[in-house]
Amino acid sequence: MKRSKNFAQYFSMRQAILTIFHLLLIFLAVPIQGQDVSEMAGTWSGYIDVNNRDLPVNITFSYSDEILDGTIDIPDQGIFTFPVEVLDSSENKLIFQFETGNGPAIFRGIRSETNDRISGEFQQSGEVFPFDLKRNTLTNGRLSGLPESEIIIPVSEGEIGGSLALHPEESPLVLLVSGSGSNNRNQNIGGFRLFEELASELYEKGYSTFRYDDRGVGQSTGPADITLQEMGADLVQIVDYLKSNYTENISRLILLGHNQGGLVASMAAKSVSVDGLILAATPFQNGEKIIAEQIQKISEVREVSDEVLQLNLEFQEKVYNAVRTGEGWQDIEGELADRLENQIMELPLEHQNALGDMSAFIQSQVDRQLETAKTRWFKSWIETNPDEVFQDLDIPVLAVFGEKDTQILPDRNKEVADSFASATDIPFQAVIIPGANHIFQEANSGMSMEYGLLEQELINDFIQELDRFIDSL
């Protein structure tokens, strides 16, 4: 397990290349999958048994935009915050690796039924050693103590499983609707269980909540790759079920959608009677504009040149055309592969060799980046016009944005939200929460990579704003 003298330099350059490559499709790397791995997010500690000597290991798994990855520390080897790539998380397996200057080091593990332990074999340079990791206990956040019941709701395409936390007395029920891709009921983002924390906070304020697994995730059945409109149809049936079966428990029913969940909730609100609508970090511009703004913002932070930025924006336009027409994917794949190869060829030869089979590496990256762009979900996302979604709403609406959100930029989206407010007679408010990021933590930069490093709790101003709005209904 000797550390290569070029190890740190190799990682720095490799990450720089993949960062530039990732900016090509910053919003597309969101695999639509039924396997729920969000519960693996968090910190894990343990040992590799190297010839009867315990070698301490610390790993932090992060889960954001449906991607599980992380970093690893092996202090005795001088390894700190090296990137971890998850290769397989199917069934109860968890296989992940980190690159060394002499090839990958691979962990092949089995997850315990309670998802609090990973044990298996560590392999490097032809040698194999046992390893064992245990989840570290959270020290902050609320994440417990809710008097919840698990319920299964029949819908037209299967069943939806969720957690219902009812107050003993009649109270408002807040139904939580998750954002991009396929999410479980807790909406685990960067290791932060946003909806579990939100449910706890709202319960303390006197409100009941329901949060649920999206289709094909957790206890919910059916295909995971569905359109925003199909998600809205599921939500209508969920609302009908809750109103029919818990009439005596519900004084008012409010939909709260995070990110694209706000669009889904708005669609449903036109087809079923609810008392209020909360749009948390919800885009008021179409998907193309949102993605362009994300690329520009992240390019600015990472000091990507104007030339590369323009190439990336032009490439996005080609992707959108292929999504709409179903044509041109072969040319896109070829261009994407060529651009990545050109970046790799700028590395020293020894660093190129460390990537292994370059053709296989490039193809795997291309496939991963374009996977989401070819889904029905993504096509519906870029073809959905928020102007049409928000028109003709006839219930009070609160739109809440985070001041430091780098995914749904607050100023421009609030400006559009304010224009809706001025054009309607219904109570329609839009506010920006100072210091908050996309998931309403108190943030530093607001970039997604810091989500798991922040306090695992919601910023107080966000909860106060929700409480004020619900109480006014």
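The values are calculated or read from the model by the stated rules, or taken from the named source; none is laboratory data. The model shown is predicted, which means the values in this text are computed figures rather than measured ones. Methodologically, a virtual Cβ is constructed for each residue, glycine included, from the backbone with ideal geometry; neighbour enumeration extends over all protein chains shown. What goes into the accessible areas is simple: the full protein's heavy atoms, side chains included, and nothing from ligands, DNA or RNA. Shrake-Rupley method; radii C 1.70, N 1.55, O 1.52, S 1.80 Å.
Structure summary
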| item | result |
| --- | --- |
| Cα-based shape type of segment 413-473, given that a ≥ b ≥ c are square roots of the gyration tensor eigenvalues and the cut on a/c is 1.5 | oblate |
| Under 18 Å from the Cα of Lys134 - lysines, other chains or at least 8 residues apart | Lys93 |
| Probe 1.4 Å, all protein chains present, accessible-area order of Tyr246, Tyr47, Tyr320, largest first | Tyr47, Tyr246, Tyr320 |
| Protein-only accessible surface order, largest first, of Met40, Met449, Met231 at 1.4 Å | Met449, Met231, Met40 |
| Inter-site label distance for Ser364 and Asp425 at 7 Å from Cα along Cβ, in nm | 6.1 nm |
| Acute angle (nearest 10 degrees) that the helix 460-472 long axis makes with the longest principal axis of the chain, alpha-carbon atoms | 20 degrees |
| Probe 1.4 Å, accessible area per residue of the chain, Å² | 42 Å² |
| Candidate values (1) 20.8, 60; (2) 22.9, 73; (3) 21.9, 67, label of the one derived for Rg and Dmax of the Cα atoms in Å | (2) |
| Accessible-area composition of the chain, carbon plus sulfur, in percent [1.4 Å probe] | 45 percent |
| Estimated distance in nm for a label pair at Asn342 and Asp240, the labels positioned 7 Å out from Cα along Cα-to-Cβ | 5.4 nm |
| Listed residue pairs exceeding 21 Å between alpha carbons, taken from Lys289/Lys414; Lys243/Lys379; Lys243/Lys414 | Lys243/Lys379; Lys243/Lys414 |
| Extension gain (nm, one decimal) between Phe129 and Glu403, 0.36 nm per residue minus Cα-Cα | 93.9 nm |
| Using a Förster distance of 35 Å, the FRET efficiency for Glu85-Glu170 (Cβ separation, nearest 0.05) | 0.10 |
| Sequence of Asp392, Asp411, Asp405 when ordered by accessible area, the most exposed leading, probe 1.4 angstrom | Asp392, Asp411, Asp405 |
| Estimated FRET transfer efficiency (Asn460, Asp418; beta-carbon r; R0 25 Å; 0.05) | 0.55 |
| Proximal charge balance of Glu170 [Cβ under 11 Å; K/R count +1, D/E count -1] | -1 |
| Loop GluC sites (Glu not before Pro), segment 251-315, which have at most 10 other Cβ atoms in a 10 Å radius of their Cβ (DSSP) | Glu303 |
| Asp49/Ile95 FRET efficiency (R0 25 Å; Cβ-Cβ; nearest 0.05) | 0.85 |
| For segment 415-473 versus segment 167-204, the gap between their alpha-carbon centres in whole angstrom | 15 Å |
| Arg302-Glu388 pseudo-label distance in nm [points 7 Å out on the Cα-to-Cβ vector] | 3.3 nm |
| Of all DSSP beta bridges in the chain, antiparallel share, percent nearest 5 | 75 percent |
